[in-house]
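Every read-out reported here was derived from the displayed coordinates using simple, explicitly stated rules and does not represent laboratory data. None of these values were measured; they are calculated from a predicted model. Cβ atoms come from the backbone with ideal geometry, glycine included; neighbour counts cover every protein chain shown.
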């Protein structure tokens, strides 16, 4: 049985993927915008985009029709903060493009050419229902890590949905280590680099005048100019309550900054201020250990309390394996639903939890109009699940990205099937495929 | 699992270390030697105290308690719907169906819609040795100054105020853990088995009478750590050579002990002699199938037994061999790709081991995942079922129940809900294989140590006292 399934999957994978118009009907349909699931709903994908979704949607004559048989159908999951595509094996440095510790550049780095759509993490995460990801570089020796991208996880060579979609910087303990040893140095370095970039924008000749004393390289200045004017959202890793407030204050001097707060472990202590600043947050929601002095207030109720205070909360998988295990995204969101049942704890409703891994991260990165939900006009990223997508062990049975049906077979599946019976047969395992 | 380490290289190193630990536990009282054989010649048998840091754990006050109307996974593969349990004087008194006679003077808890299991056992933890906050001053899990440090005991590094212990209790229902040294070394030292109770001292947590373990590691970590220092081992063959030379020395030491000859005290050799005499259980960090097979041959060469391979991401490739050898594998559900020896991990690893009939264990090696080992088991179970395996929920609970108890030599005391066993029990507010479920109550030796409905039964470590979020839900 398993073999027959695999062969057919392999045969499917061999077909060139093409956008196909398709109607998925009779679904427990999740739009992804925080609304409740629709029993008996349908979604119509036409020209690679969502044409219509909901109940009472008429299927155009002649369109391919897939009966979901009452199963869950959702937009593809958006990984809120990840490194998928940047690494194959973390400890094998040649495969690892997360950070550029010995580069003379920082904010100007652009991860787009480092992405490998053929890497096995792309396939493994796709098979877990992840269709898009916000990918950020890691900061290493410089304060600014560089420009991340929004990507798709389709089985093709074109991975980039939006290049230079964000700039990443770490404050707190990590930032102070890079800036010279204190938070004071972090804030000063940040400010000086932005001011230098602004001078450069007004008069590009200034950089030449500064010569070797320049705070910044040309490529870095160009990237930071886009941060100052709000073109590029600035994703800021920050955890301590006091640090969060100080980062929010940066908007006083740079009012156009589009701040997105990442981590925000002690965010619940300053939730009202974050809400007032209208800064979206990306949280790794199950981090509840005081594993540093900037995370003393860690609690799994952070996401629920932030949401209750009116903060726009996205749930991601980071401080964990952020390249290989994006499949944890649904598990983490599901935990927040379970937390709502624990006396004294704060969690999310199911609808809120799903939105926190679909439309919310899309909104945080400024792409709410094009990805992250099944509202008309969004990309045709659709997943049919074998069960409640937030429940443990649920898996996609069908994934479409930009309206193209995707292979769900991974290298792991091939290994599993080779060793379904571990004993060798007449020939070694190497002949078994 | 990376505990806030951001750099990929650092993360890899930390993972690598995280990947291995040793187990150890003290047993017995003063005896003349590592062997019970009488010394034929020696006039004065060698004596040393085998339990110089004895457990002071006694168990906390109990009440005669009944949970009824509950779904029970007994930890050995059994299930009782609408079941009841009686806990008395710290022990499981009896477990049965709705027809079982119940005492009339007990505290009675209605378990309708809830599930009851034995307390979760994690045989691979570094809590206390790598505690939170994970500052340099707390980095006590790897004595990475030499590849053989069989003389160190992980209990001497355990900080009992690690908030990770309390998180594991309240969110994960963890009642017993084995704390291992890290995996930088080929022989990292002794492990210790702890009851997951808050205590001023590690002695107050030590599981009374638990056997010690020896943490060993093969593969990338030892050769990377010592290769980088320009010393042996720098290769996998170096790993094996250093191990074998050490075992040869230990065999000679044990021979002297057995013959009652005078020996200088050698803490490393005492531990290894304990392994060779079967008192100390080998807990061996190893990822690759081919390397596990090498270690198995080495154990035959020197006459010891590996109790469990830890991580064992390629156990599925040699599940038949592991079954034949009677060696457990303690595994993650889905960790992969963080280093080369984790590249061939598959989500069906755990289920494939189980299908083969081998001793199957889910472990954490992680201060976060230890808080949801039930969820890790659920993912592994689902992967097996997708392959077409028929595995029931109650069978899968053996991965968190009797099997880990067996691997640390405590199957007679914990790991299942059988009369006379320690009343380490978790009441879950739903099916523990659902993402929506959390522990509601946790008993250790019959004492209620956590109650989700009673903030006063929520332990707060010294470290957290007076800090933001003191006494908060976590």
Quiz item: Where does helix A:183-202 land angle-wise versus the long Cα axis of chain A, in degrees 0 to 90, nearest 10?
Solution: 90 degrees
Quiz item: Going by the alpha-carbon gyration tensor, a ≥ b ≥ c the square roots of its eigenvalues, is the range A:77-371 rounded (a/c under 1.5) or, if a/c is not under 1.5, prolate (a/b greater than b/c) versus oblate?
Solution: oblate
Quiz item: Looking only at other chains, what is the average number of their beta-carbon atoms within 10 angstrom of each beta-carbon in A:325-331?
Solution: 3
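Once the Cα gyration tensor of the range B:60-170 is diagonalised, what are the square roots of 5 times its eigenvalues, in whole Å and ordered largest first, as equivalent ellipsoid semi-axes?
Those come to 40, 15, 13 Å.
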Quiz item: Cα centroid distance between the range A:372-424 and the range A:48-65, in Å?
Solution: 22 Å
Quiz item: At q = 0.21 Å⁻¹, what log₁₀ I(q)/I(0) does a Debye calculation on the Cα points of the range B:134-271 give, no solvent, two decimals?
Solution: -1.20
Practice problem: Within 10 Å, count the other beta carbons around each residue, average over each peptide in A:298-304, B:47-53, A:221-227, and list them highest first. | Solution: A:298-304, A:221-227, B:47-53
Quiz item: So how do A:179-185, A:79-85, B:417-423, A:308-314 stack up, highest first, on mean other-Cβ count within 10 Å?
Solution: A:79-85, A:308-314, B:417-423, A:179-185
Practice problem: Please report, in whole Å, how far the alpha carbons of the range B:209-329 spread along each principal axis, starting with the longest. | Solution: 45, 37, 26
Exercise. With label points built 7 Å along Cα→Cβ from the Cα atoms of residue B:255 and residue B:98, find their separation and express it in nm.
Key: 6.7 nm
Exercise. Please work out the FRET efficiency for the pair residue B:139 and residue A:424, using the Cβ-Cβ distance as r and a Förster radius of 35 Å; give the result to the nearest 0.05.
Key: 0.20
Quiz item: Sorted by mean Cβ packing within 10 Å, highest first, what order do the peptides A:333-340, B:318-325 take?
Solution: A:333-340, B:318-325
Quiz item: Where a ≥ b ≥ c are the square roots of the eigenvalues of the C-alpha gyration tensor, would you call the range B:354-418 rounded, which needs a/c under 1.5, or, failing that, prolate if a/b is larger than b/c, or oblate?
Solution: oblate
Quiz item: What's the center-to-center distance, using Cα atoms, between the range A:128-161 and the range B:168-214 in Å?
Solution: 40 Å
Self-check item: For residues of A:392-401, the mean tally of beta carbons on other chains within 10 Å
Solution: 4
Quiz item: What is the average number of partner chain Cβ atoms found within 10 Å of a Cβ in A:411-424?
Solution: 6
Quiz item: Could you give the angle, 0 to 90 degrees to the nearest 10, between helix B:163-172's Cα long axis and the longest principal axis of the Cα atoms of chain B?
Solution: 50 degrees
Self-check item: Per residue convex hull volume, Cα atoms of the protein assembly as shown, in Å³
Solution: 173 Å³
Quiz item: Over the range A:77-371, what is the relative contact order in whole percent, taking alpha-carbon pairs under 8 Å and six or more residues apart?
Solution: 17 percent
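By the gyration tensor of its Cα atoms, with a ≥ b ≥ c the square roots of the eigenvalues, what is the shape of the range A:41-111: rounded for a/c under 1.5, prolate for a/b over b/c, or oblate?
Taking the square roots of the gyration eigenvalues as a ≥ b ≥ c, the range A:41-111 is prolate.
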Exercise. Specify the angular offset, from 0 to 90 degrees and rounded to the nearest 10, of the alpha carbon long axis of helix B:236-258 from the longest principal axis of the alpha carbons in chain B.
Key: 90 degrees
Quiz item: Which FRET efficiency, nearest 0.05, do residue B:107 and residue B:465 yield, Cβ-Cβ r, R0 25 Å?
Solution: 0.25
Quiz item: If you take the Cα Rg of the range A:91-216 and divide it by 2.2 N^0.38 Å, with N the number of residues, what do you get?
Solution: 1.23
Exercise. Output the relative contact order of chain B, whole-number percent, from Cα pairs under 8 angstrom with separation of 6+ residues.
Key: 22 percent
Quiz item: For the range B:366-474, what value does the Rg/Rh ratio take when both radii are computed over Cα atoms and Rh is the Kirkwood radius, given to two decimals?
Solution: 1.02
Quiz item: Which value results when the Cα radius of gyration for the range A:220-347 is divided by 2.2 N^0.38 Å?
Solution: 1.08
Quiz item: What share of the DSSP beta bridges in the protein assembly as shown is antiparallel, in percent to the nearest 5?
Solution: 55 percent
Self-check item: For the range A:77-371, share of DSSP beta bridges that run antiparallel, in % to the nearest 5
Solution: 35 percent
Quiz prompt | Cα-based radius of gyration of chain B once divided by 2.2 N^0.38 Å, which approximates compact folds | solution = 0.95
